[in-house]
Amino acid sequence: MRPLNSLFFAACCYIYTMCECTEDVPIMDITTPRNASLSGFYKRSFAYFTIKERLPRILTQSIDILVRKKEEIGKEYGENAKEELKTVIGEISKLKYEIQTNKPMQEIRSDAPDAKLYNEFVLQQPNKTYFTAVWLHAECYMYRRIREIFEQTQSLQSYDLFQIQKRSSFEANLAAVLQLSKYLVLKLADGQDVKSEFIKLLKLNLWGNQCDLSFSSGIVEDCSDWFQILDSLQPNIVSDQSEDVWSAVSDTNGSQIIDIVLDNSGYELFTDLCLADFLITHKFARSIRIYVKNMSWFVSDVMKRDFDWTLRQLLASDDKDMKYLGERWTKYLVDKVWVIIEDDFFTLPHDYSLMAATAPALYRQMAQAKVVIFKGDLNYRKLLGEKNWEPSTPFNVALQGFGPSKVVSLRTVKCQLICGLEPEVAEALSSKDPDWESTGKYGVIQYCDDIRKLD
């Protein structure tokens with residue numbers, strides 16, 4: 001037998017010492033290597049922390065809400081719902097156990113069209129357990145399993161597991177909503193210095209992305225300070241292409257449709273709608289198409305019912321500015337100036353580089369827009385393909401061929417994934433704050449005009 005090379009043997013011993021096992025699967029006690037997919041396989045990563053701590057915590061909180069709200073749910077959905085809640089709670093507990101013990105992802109049992117795509121996608125993946133799969137795939141799969149649990153009931157199919165947190169997020173930030181309402185109504189009537197006001201709203205919209213219930217594990221945060229401290233946050237925008245975004249949206253040639261792919265409900269959604277109104281009022285778009293999720297997703301992602309509920313809150317407000325905006329925005333919907341769009345693709349585990357092949361109709365639809373604005377961290381992860389790029393990698397390269405139209409990303413940095421930074425910026429930030437990529441304290445406004453049309 002040929003003797004084992006001593007250097008190779010030493011390397012094997014080192015790797016063994018760097019591992020821990022989760023249900024007989026080794027977890028590497030290292031950070032995510034450059035150009036590798038984000039995964040719970042790397043212990044010193046936010047992906048590992050999410051799968052080990054955050055996702056089970058979200059499920060535990062969900063179970064707690066269902067137990068506490070059992071009587072209310074029974075009154076709204078019928079007595080049978082109270083019995084079915086026992087099954088739901090048991091299934092969510094089972095899902096939590098599967099995640100914590102790194103079980104393989106099971107087949108989605110559903111007649112919904114997306115279930116077939118999910119099952120085919122998971123089957124194609126080389127790693128199918130929660131800690132070894134690509135983080136994006138594992139996290140999306142968890143939320144799709146939650147949806148499956150409610151699909152299997154008779155009385156709770158329309159129940160939104162995260163509705164209470166989403167509505168609490170809006171209500172906890174009414175002071176911030178009120179303040180921005182007054183500002184927007186004033187500026188809509190003003191018409192002065194439109195460029196600087198657009199960029200200010202753009203940055204308010206960026207920082208609104210900090211209100212993310214998935215990131216905070218369902219804890220509602222106060223967002224009221226950002227309006228006063230906006231200027232002081234400028235150094236925290238580590239990639240700022242606001243000028244390029246302004247040039248793109250203010251171009252009055254060609255298409256006058258702007259697409260916005262939403263992220264979170266609550267205060268962030270309100271900032272999204274303020275930006276959309278500003279674009280319509282100043283004739284930078286004749287139509288705004290607003291993309292929402294079609295199921296409960298990542299705790300706080302916007303569904304159509306969340307959008308509608310937000311408008312109802314504005315219409316019912318005693319504040320004249322909030323009520324005025326509620327009436328104005330309702331008319332936009334009636335007149336189809338704003339159009340709400342749901343598409344299964346946004347709740348698939350596929351990254352955006354796969355859209356052209358998986359959802360060509362959606363890709364062609366986005367190609368009609370002069371700009372597509374993607375909000376938030378999850379959209380950023382899907383734009384970059386859940387890959388740990390070298391931070392100086394240009395945004396257009398990291399998009400990996402995705403470009404139905406000009407692409408804008410507004411995202412507060414909540415995981416170890418970023419691109420488009422000037423050389424040495426990431427190193428300087430890491431030396432100051434080793435965890436800077438997972439704090440939500442930094443943001444990017446990034447832009448790409450490398451358009452790739454389908455044949």
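For the reader, a short list of remarks on this structure follows.
- Taken together, the criteria place LYS323 among residues that are touching a Ser or Thr at 6+ places or on another chain (Cβ under 6 Å), surrounded by fewer than 17 Cβ atoms within 10 Å (Cβ to Cβ) and either of a type in the set (A, V, I, L, M, F, W, C) or assigned to a helix (DSSP H, G or I) (or both).
- So SER158, is it polar (S, T, N, Q), surrounded by fewer than 18 Cβ atoms within 10 Å (Cβ to Cβ), in contact (Cβ under 8 Å) with a residue 40 or more places away in the chain and within 25 Å of SER300 (Cβ to Cβ): no
- The criterion of at least 1 residues that are at pLDDT below 95 and open to solvent by 20 Å² or more (accessible area, probe 1.4 Å) is met by the following helices (runs of 4 or more DSSP H) wholly inside the stretch 349-455: 425-432.
- Long-range neighbours under 9 Å by Cβ, at least six apart or interchain, first residue β-branched (Val, Ile, Thr) and at pLDDT 95 or above within the stretch 105-127, second exposed (fewer than 14 other Cβ atoms within 10 Å of the Cβ) and in a helix (DSSP H, G or I): ILE108/LYS116
Conditions tested, residue by residue: (1) free of Cβ contacts under 8 Å to residues at least 60 places away in the same chain; (2) in contact with a strand residue (DSSP E or B) (Cβ under 6 Å, 6 or more places away or on another chain).
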position: GLN400; (1), (2): yes, no
position: PRO404; (1), (2): yes, no
position: SER409; (1), (2): yes, yes
position: THR412; (1), (2): no, yes
position: PRO423; (1), (2): yes, no
position: GLU427; (1), (2): yes, no
position: SER431; (1), (2): yes, no
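- Just one residue in the set LYS283, LYS336 is at positive phi, out of contact with any helix residue (DSSP H, G or I) (no Cβ under 7 Å at 6 or more places or on another chain), surrounded by fewer than 22 Cβ atoms within 10 Å (Cβ to Cβ) and in contact (Cβ under 8 Å) with a residue 40 or more places away in the chain; that residue is LYS336.
- Hey, ASN119 farther than 18 Å from SER296 by Cα, of a type outside the set (Lys, Arg) and not in a loop (DSSP other than H, G, I, E, B) or not: yes
- Flag for SER169 being open to solvent by less than 20 Å² (accessible area, probe 1.4 Å), within 30 Å of MET28 (Cβ to Cβ) and at pLDDT below 95: no
- Any hit, the stretch 77-85, residues being open to solvent by 40 Å² or more (accessible area, probe 1.4 Å) and under 26 Å from GLU342 (Cα atoms): yes
- Selection within the stretch 286-315 - surrounded by fewer than 19 Cβ atoms within 10 Å (Cβ to Cβ) and in a loop (DSSP other than H, G, I, E, B): ARG286, ASN294
- Of residues in the stretch 161-209 being in a loop (DSSP other than H, G, I, E, B) and free of Cβ contacts under 8 Å to residues at least 24 places away in the same chain, the one nearest to the chain's Cα centre (by Cα): ASP193
- Scoring ASP212 on the criteria (1) assigned to a loop (DSSP other than H, G, I, E, B); (2) at pLDDT 85 or above; (3) acidic (Asp, Glu) leaves a single failure, condition (2).
- Test result for THR132, outside any helix (DSSP H, G or I) and either of a type outside the set (Phe, Trp, Tyr) or modelled with pLDDT under 95 (or both): yes
The values are calculated or read from the model by the stated rules, or taken from the named source; none is laboratory data. It should be emphasised that the depicted structure is a prediction, and the values quoted were computed from it without experimental measurement. Methodologically, a virtual Cβ is constructed for each residue, glycine included, from the backbone with ideal geometry; neighbour enumeration extends over all protein chains shown. To get the accessible areas, we keep the full protein, side chains included, count just its heavy atoms, and leave off ligands, DNA and RNA. Shrake-Rupley method; radii C 1.70, N 1.55, O 1.52, S 1.80 Å.
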